[in-house]
Structures are given as C-alpha cells and as structure tokens.
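The values are calculated or read from the model by the stated rules, or taken from the named source; none is laboratory data. All values derive from a computational prediction rather than experimental measurement. Here the Cβ positions follow ideal geometry from the backbone for every residue, glycine too, while neighbour counts run over all protein chains shown.
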Amino acid sequence: MSSASRPNILVIGVGPHARRTHLPALAAGQESGLVGTVTSVDVLGAADALVTYDTEAGTRTLPVTLVEPFDSTHRTLPEPVRHSLDAVARRCGIDAVVVSTEPSFHMVYTRWALEHRLSVLLDKPLSVHAGCSVDPARAWAILTDFDDILGSYRQARERNPQTLVSVQCQRRYHPAFWRMRELIAEIAAETNCPVTSVQSFHSDGQWRMPDELIDLSYHGFDRGYGKCAHSGYHFFDIVPWLLAAGETSGKVLDAVDVHATITRPADVLAQLSVRDHERLVPGFARRNPYTEAELLSATRLFGEVDAFISTAYKSGGRTITLGSINLAHNGFSQRGSLTPVHASLYKGNGRVRHENHIVEQGPFQAIHFHSLQTLSDGTTGEDPYAVGREGHIHVHVFRNNRFRPGWRKYDGFGFDALTTTSESEVEAPTQESSRRRAIREFLEYLNGRRTREQMTSEFTSHRRGATLMAGAYLSMAQQWNGGSPVAALDFRTSREPAPATLGDR
C-alpha cells in the first residue's frame, strides 16, 4: 500500500455482529478517508450473496463472496476456500483483514492472512474448539493456538515489519476502565500494594426457550462451548489488564489456578422445565416439538450456559490476588414473548446487560464499577444497548484517608464524568463507542497515524487472557472426565524473550 492510498479491507464473516459493528464502522472510515474498498467473504448458508446493514448515512448493501463450508478442525484452509480468498485478495488489492467469523474459525483465517502478510483485526475470543468443555485436549488447544499464531505473526513481520494483529476487546477502550487502571496504578506506586482481590460479574439476560437450545445455534451451546466463548473473553482479558496496573517489582504474577463451576442445558431445564414453560409462555406447548427426554439427550454434550470461575493469581508460589469471573447467559431479561423479534437472539429480544467489577487493593483502596441496563426491546427508537445512560454506569472509589489524609475518602464518576473529548469526537463511556474506537485505532495504524507501541490491544498482549479462557475450559473438561477441578497454569506474559522486531510493550 502506498502512503497516498487508503487501505482496502476484507471482512471475513458478515453475521449479525459484523453487520452491527464492523461494516458501519468501516463505512464511517470510508467517509473520513481511512478506508478504501470493503470486500466480504462468508460461507454458503451463513450469509446471502448481498448483505444489508445500517450506517449513519443510511442503509448500504455489500456483495459477499461465498465459499464452501468446512469443518472447524481444519488448521489450514481447504484448497477451494484458499483459492477463493487468494483470488479476492489479488483482485481487490487487500491490505488488511477483519476476522469476524464464528469463533472456532478465527485461527484458520488469521493464519491465512498472516501467510499473506496482511494486518488483522481479530474479533474475540482468539480461538475456541468444538467440544472444549468436555475434552481437555481441545481446551488446552485454546492456549497452544496463541503460540501458533504468535509464531506466524513473527514470520509475517520478518517479511513485512508493518504487519499488525489487533484484538477487538472494547473494554480496553472504555473510559471507565481507563480510569480504574489509573487509580490502581496510583496506589501501587505509592504503597507497593498490588490488587489483592477482584470480583467480576456479567449477565446478558438471554432467555432461551427449551426448543431454542437446539434450534438456534447462533451464540448457542451446540458446539460444546457457550458463555465463556461468547462474551466471556472480554472478562478474561480485562481482569489481567487491570491487575497488571498493580504489579510491582517482586510482585509480578507468574501462575494462576482456575476452577470453573458451570450449568449446562440439562441444569437450565431443571431450573425451568418444559412443563414450566408450557404453563408460563402462551403458545410454547404448540410450538415445541421436543419432549424433555429428547432435549436432555440432544444437549448432553452442549457447552456451558452459566460459568462461575474462581481464580488464584500467584507470584513466586504465593497467592497475590484472589478473584472470580462470574458469567451468566441465564439472568434477568426483558423478553416477554414466545416469538423473538430477531431470529438469532443475538441482540434485542429482551437481552439486558448487567455488569460489575469490585477491585480491592489491600487496606488502601476499593473500586466498584457498575453498568446496568433496565430495558432492551429495540422498539423505543433509542439504542437499547448503550449501557451508560445517566444513572446506568458508575465508578465508585474509596480510599483510606485516615492512613493518608491527602486522599479523598470517596470519589464517584458517572456518565458525564467518564465522558472525555478527543481531537475527533466525544468519547462516551458506552460499549458501542468503545467498539468504534477499537476499529478506528486499527484503521489509524493502517494509515500510518499510530505506531505499534500506541496500539491498545495488540495480539502479543493477550497471552494472559488466552490462559484464563483455556483454564476455564480445562477445568470444565477435567471435571467432565472425573479429573481435578483446578487447572494450574503459567501466567507469565511471555514464555521466552520476544524478538526486538516484535515491538512488544
């Protein structure tokens, strides 16, 4: 790509998430001169040959090159698929790739892009494997995937030093989390005290009817994984990102114990049975083709619906930080009807996001983050996913001012206080704004407006997140097979010195 040209982008995977997030952001990039052409690829059956999406300027359509479906166990693209992607890359002069496929295909497409020395904006999670909640080898592969891609990344950069892989984890771009990280670093610098405990909780209020456990696969459980692979990686990523701000000399985390306790579809059916749904939801009995026995049999190897994960972060054999990451699909919802507004259940249909984090830093500081929605029906004309309307997001900070009289014993930061202004726009403390910032940062790098060191979520900074996700699934799979409930893992940020050319922070 010449310095005077705009990068041409290939989007691989144009499902609901890409049409809601990536395609509108890339259209905005075209308007602002950061993006040249946008091209897309998806598999037959997953998308039409022409997809429609909404932008600030109106509705747009995008042609899709359709390729033959293939199994997610492939480590390299099947030849027909490879030939199709190679042809698209040549014909359209592709400079960078957005990988927004079903997560178990993330790695194979990323490998292809790096073989062509193309920069990648990779959707979360980094990878996942079918059946990883019941098979320890597949759970472990989540972590070895990181090392495999790191090797491909190094090779690509040897041939093209500008190649970049950035992971779209929007909480790193959220003003509330910036503030929390700064607060942790302040106390660590003054007291040498790390974060001593952290509690994280997320519920997305997804009420699935019993028949939908089988019939709706998007963000479902039928591949042998669930909540931890859907939105869970955001929390496997942001918790270590916060903990790192409190690390000091001699108190750098190097190991972690992970213990996951989960519910699967059979447990959810015990909480609210087929008969309960027949009584509570008009029309369900007429629609549902499955008996409870059939549902239990069909979903036996399905993945987790809810996962409550205990962690112990260690340094030199001593536990420095105790933690929990509690993830719920099955939580408070505003769904009230049998027929979903959107068939995939991905957005809308009453999904309500509740999230909180509690960080304790010894006797010196406590930080409480709360982000709470009250409605999500998609019919009011306002964005039902913009968590952060006044009163819905708050950071509470408590400091021991009897120990340090100069500290404020309490500070509170609401929506207005967390809203910042950059050169280009108002930085609102919402998930949607943070997603746009992540994409814009990637585009700015491609246009030479940012250096690698200025990137917020470069791939090499994600080893710890991959470790926690692998540990959660390893714990689940070991328990399924009668083994230890605890996965004990290396938690160092790198296993070996990285080459100087990688530019790791």
Can you name the condition, by its number, that ARG91 falls short on among (1) in contact with a helix residue (DSSP H, G or I) (Cβ under 8 Å, 6 or more places away or on another chain); (2) among the charged types (D, E, K, R); (3) assigned to a helix (DSSP H, G or I)? (1)
Filter segment 88-112 down to the residues that are of a type in the set (Ser, Thr, Tyr) and within 17 Å of the chain's Cα centre (by Cα) and list them by number. SER100, THR101, SER104, THR110
Can you tell me which residue among ALA137, ALA141 is surrounded by fewer than 18 Cβ atoms within 10 Å (Cβ to Cβ), closer than 23 Å to PHE221 by Cβ and at pLDDT 95 or above? ALA137
Being surrounded by 24 or more Cβ atoms within 10 Å (Cβ to Cβ) and among the polar types (S, T, N, Q), is that true of even one residue in segment 105-116? yes
Please determine whether any residue of segment 152-159 is without any contact (Cβ under 8 Å) to a residue 60 or more places away in the chain and surrounded by 21 or more Cβ atoms within 10 Å (Cβ to Cβ). yes
Pairs please, first residue from segment 193-219 and within 20 Å of SER333 (Cβ to Cβ), second anywhere and outside any helix (DSSP H, G or I) and of a type in the set (Lys, Arg), Cβ atoms under 6 Å, 6+ apart in sequence or on different chains. ASP204/ARG351; ASP204/ARG353; GLY205/ARG351; GLN206/ARG351; TRP207/ARG335
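Quick check on segment 224-256: of everything there that is within 30 Å of SER297 (Cα to Cα) and at pLDDT 95 or above, which residue is nearest to the chain's Cα centre (by Cα)? First the steps, then the outcome.
As a first pass, look at segment 224-256 and keep what is within 30 Å of SER297 (Cα to Cα): 224-233.
Of the ones still in play, those that are also at pLDDT 95 or above are 224-229, 232-233.
Working: GLY224: 18, TYR225: 14, GLY226: 13, LYS227: 11, CYS228: 9, ALA229: 8, GLY232: 6, TYR233: 4 Å.
The extreme case among them is TYR233.
When segment 259-289 is examined, which residues are found to be of a type in the set (Lys, Arg) and either more than 18 Å from THR299 (Cα to Cα) or assigned to a strand (DSSP E or B) (or both)? Steps first, please.
Start the filter on segment 259-289 by keeping residues that are of a type in the set (Lys, Arg), which leaves 264, 275, 279, 286-287.
ARG279, ARG286, ARG287 - these are the residues of segment 259-289 that are of a type in the set (Lys, Arg) and either more than 18 Å from THR299 (Cα to Cα) or assigned to a strand (DSSP E or B) (or both).
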Output the residues belonging to segment 182-218 that are surrounded by 21 or more Cβ atoms within 10 Å (Cβ to Cβ) and charged (D, E, K, R). ASP204, ARG208
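Residues are listed down the side, and each one gets a yes or a no for (1) modelled with pLDDT under 95; (2) outside the structural domain of CYS228 (by TED's automatic domain parsing); (3) touching a strand residue (DSSP E or B) at 6+ places or on another chain (Cβ under 7 Å):
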{"position": "GLU444", "(1), (2), (3)": "no, yes, no"}
{"position": "GLY448", "(1), (2), (3)": "no, yes, no"}
{"position": "ALA466", "(1), (2), (3)": "no, no, no"}
{"position": "MET469", "(1), (2), (3)": "no, no, no"}
{"position": "ALA487", "(1), (2), (3)": "no, yes, yes"}
{"position": "PHE491", "(1), (2), (3)": "no, yes, yes"}
Please determine, by comparing only the residues of segment 300-341 that are of a type in the set (A, V, I, L, M, F, W, C), assigned to a loop (DSSP other than H, G, I, E, B) and modelled with pLDDT of 95 or more, which one is surrounded by the most Cβ atoms within 10 Å (Cβ to Cβ). VAL305
